[in-house]
């Protein structure tokens, strides 16, 4: 194992340049991947991370530079070439066949053949062996769709290892995993690293960068900023290198969160014992004018479930909701919208935006839906609204006619936020508004939330990044196992206190019950 | 935006123009228009008249397809509507009275709407897959039509009714004005109100639309009802052309031609963005093809094959994948197929 630390270069990318019509997506970028190392690629959205990965995995042809794999210069004409060279990729959205079994997925294209065609028993045995190599025990005949995203990701990794890959590219594998699942994944990654595999890792979670990486490469605007051993680049410096400026704006946000909230009048929303059988134990929540209430807890702890019930996206079967002191029956989203409650879902692509419509159409969709089909938002009115929010939130590209599908995650989130702000809500529920978006956009959104709450908007803010919740919220509702376990005020507590509270009141190491 | 729009319709228009040019070379009389009395005659005028039922049905189909649905029952609805109208006129003591005819048409179209609403109910409320929901009516509809006519082919003599498909106004077939009116009405309702964009939103992403507060159920329901109304009216035009309610032949296979027309016009079967102009061009393309087949004297048994080959060629020309294959060599960075699939 210690020989793996020799750090022999398996992949050397030198002076990689890729041009798209009108844009230099990458300009002379170097990347070296060494066996037995986890190498993290960092950069804001649009910095060129995805493009570089796609060059490495054969999705894009390079316009300049060279790719040398184990000493041999290679030219990839497609993903198959890259795979033959021993480079495998696991994408953010798992691309496996959910309607096949685990074993079939692992072995797809490499089934064990006998005289009568495929020998399924042997194929499943082989699949089980590959999974066990990663320390995963699964019924290989179970349907892939029956497993969580985390398990599917592990299956995708075993699938990559079937071809004996020397290089494994993990493109944001952790963005939809909870803490326990991330630990399991990291265990697998460390195992592969110790076997001498070179791992290229991309994530937006800074904690994870420091937890798993041996080395970092930072990109900005399609150019290389530098390669650093992880211990030489503390957090603050990393962020500055990524965005090219210093970050003290976040302090301003915490200042804003320290405001006193007037809780004497009726709250904007008061939910009493709201729950749904099998989904959420009855919970109480109140949000006052100008207040940001954070929801903290693991993925699947009931955070999303609670806000979906408040918004009427799912129907509550218990409890009572009052909006400004008056009983409100909210059983579908329109009831909530009529009471000026807005909800931005955690899954912005599936449940938020309409990808094939333009930025402008997506922004006015909320207003339009509220008015009904017959009272169309006039073109001049639409232009004014769209222009205003593109400016206010800094949507890039600032082109109202761009298809939303083509925007980066951060900009999509801004469009979604714009849609709801345009409806002039009194309460906005933001479920993971900063997930999977780059640091710059994250700061933009946090700043906007702070600013809006100062102006009196009530906000429910969900995030897996506890630091963010503590920074932005005045009060934090903590969820565990689909029930509310308590409420904290956010000044004077740190991430560690919050983690301890989420894990259990009596501190327990490594919450074991995190699996569903 | 203008650029994209013209670009999107460029190929369908090119296909239609090419067809007309080929036809004109094969028989110069194709573009000739003769005046007899105060009426215009000629192959192009025939296309304008004969395309009316398909135009109506295709407009409805376009709206339904935009919601991610499909309506296979349009031919059956045509049969029912024709049967209803003719049975009423046949049973009336005054078949030549304009009031009788208008009443019969009104009732027939209303029944078309109810049948469409039934489809919409199954899809939007019960949650049946559109292809199955409308298949039910596709199979049952013709039986209902036969039940209404008592199993016979009802024939009538009614001047006002005959006028629907065979009459002329200011030199052009009345049926053509019906299709112009339908196109204008649909374009107006979809684009002057927000119905069009909300329909597209529901078709592209139903869940996001629901959470954004769009009444997606109502929109889907309305789309099928609109398709029913348009098919109902198409049934009137069809039966007026033959002055008979032939429940087995009325609108036979028209659902397939309508789907073709909509797809040729650039609307994706995956739902979402639609263009009225594209559908109009698609309908004319198909109708011109049919006229070409007739002119070439292709035996009627082989005609569908001929049409199929022509459609495959047109669709291939429009295929984005084929286009990217052609342009790929010209470009440096090429997305490969797995990237497209993702």
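Of all residues in segment B:155-192, those satisfying the criterion of being within 14 Å of chain A (Cβ to nearest Cβ) and out of contact with any helix residue (DSSP H, G or I) (no Cβ under 9 Å at 6 or more places or on another chain) are B:188, B:192. Residue check: is residue A:437 over 14 Å from the mean Cα position of the chain (by Cα) and not in a helix (DSSP H, G or I)? So residue A:437 fails the test.
Here segment A:386-415 is the region considered, the condition is being within 14 Å of another protein chain (Cβ to nearest Cβ) and assigned to a helix (DSSP H, G or I), and the residue that is surrounded by the fewest Cβ atoms within 10 Å (Cβ to Cβ) is A:406.
When the residues of segment A:50-67 are filtered to those that are crowded, with 23+ Cβ neighbours inside 10 Å and away from chain B (no Cβ under 12 Å), the one that is nearest to residue A:396 (Cα to Cα) is A:52. Assess whether residue B:140 counts as being away from chain A (no Cβ under 14 Å) and out of contact with any helix residue (DSSP H, G or I) (no Cβ under 9 Å at 6 or more places or on another chain). In short, no. Here residue B:156 meets each of (1) at pLDDT 95 or above; (2) surrounded by 13 or more Cβ atoms within 10 Å (Cβ to Cβ) with one exception, condition (1). The set of residues in segment A:305-316 being within 22 Å of the chain's Cα centre (by Cα) and more than 14 Å from chain B (Cβ to nearest Cβ) consists of A:305, A:306.
Filtering segment A:317-345 down to residues that are part of a loop (DSSP other than H, G, I, E, B) and crowded, with 23+ Cβ neighbours inside 10 Å, which residue is farthest from the other protein chains (Cβ to nearest Cβ)? Looking at residues that are part of a loop (DSSP other than H, G, I, E, B) and crowded, with 23+ Cβ neighbours inside 10 Å, I get A:330. Inside segment A:351-385, residues that are within 13 Å of residue A:420 (Cα to Cα) and assigned to a loop (DSSP other than H, G, I, E, B) make up a count of 1. The residues of segment A:425-435 that are surrounded by fewer than 23 Cβ atoms within 10 Å (Cβ to Cβ) and in contact with a helix residue (DSSP H, G or I) (Cβ under 9 Å, 6 or more places away or on another chain), listed by number, are A:425, A:435.
Scanning segment B:23-75 for residues that are in contact (Cβ under 8 Å) with a residue 24 or more places away in the chain, touching a strand residue (DSSP E or B) at 6+ places or on another chain (Cβ under 9 Å) and more than 19 Å from residue B:279 (Cβ to Cβ) turns up B:35, B:38, B:39, B:40, B:45, B:46. Residues considered: A:470, A:493, A:485. Of these, the only one that is assigned by TED's automatic domain parsing to the domain that holds residue A:306 and assigned to a loop (DSSP other than H, G, I, E, B) is A:493.
Residue A:368 - would you say it is without any contact (Cβ under 8 Å) to a residue 12 or more places away in the chain, at the interface with chain B (Cβ under 10 Å from one of its Cβ atoms) and either closer than 21 Å to residue B:203 by Cβ or exposed (fewer than 15 other Cβ atoms within 10 Å of the Cβ) (or both)? So residue A:368 passes the test. Just one of the listed residues (A:278, A:290) is farther than 25 Å from residue A:338 by Cα and in a loop (DSSP other than H, G, I, E, B), and it is A:278. Select from segment B:193-211 the residues that are more than 7 Å from chain A (Cβ to nearest Cβ) and surrounded by fewer than 24 Cβ atoms within 10 Å (Cβ to Cβ) and write down the one among them that is farthest from residue A:314 (Cα to Cα). Filtering first and then ranking leaves B:196.
The values are calculated or read from the model by the stated rules, or taken from the named source; none is laboratory data. This one's a predicted model, so the numbers in the text were calculated from it and none came from an experiment. Neighbour counts are summed over all protein chains in view; Cβ atoms, including those assigned to glycine, are modelled from backbone coordinates with ideal geometry.
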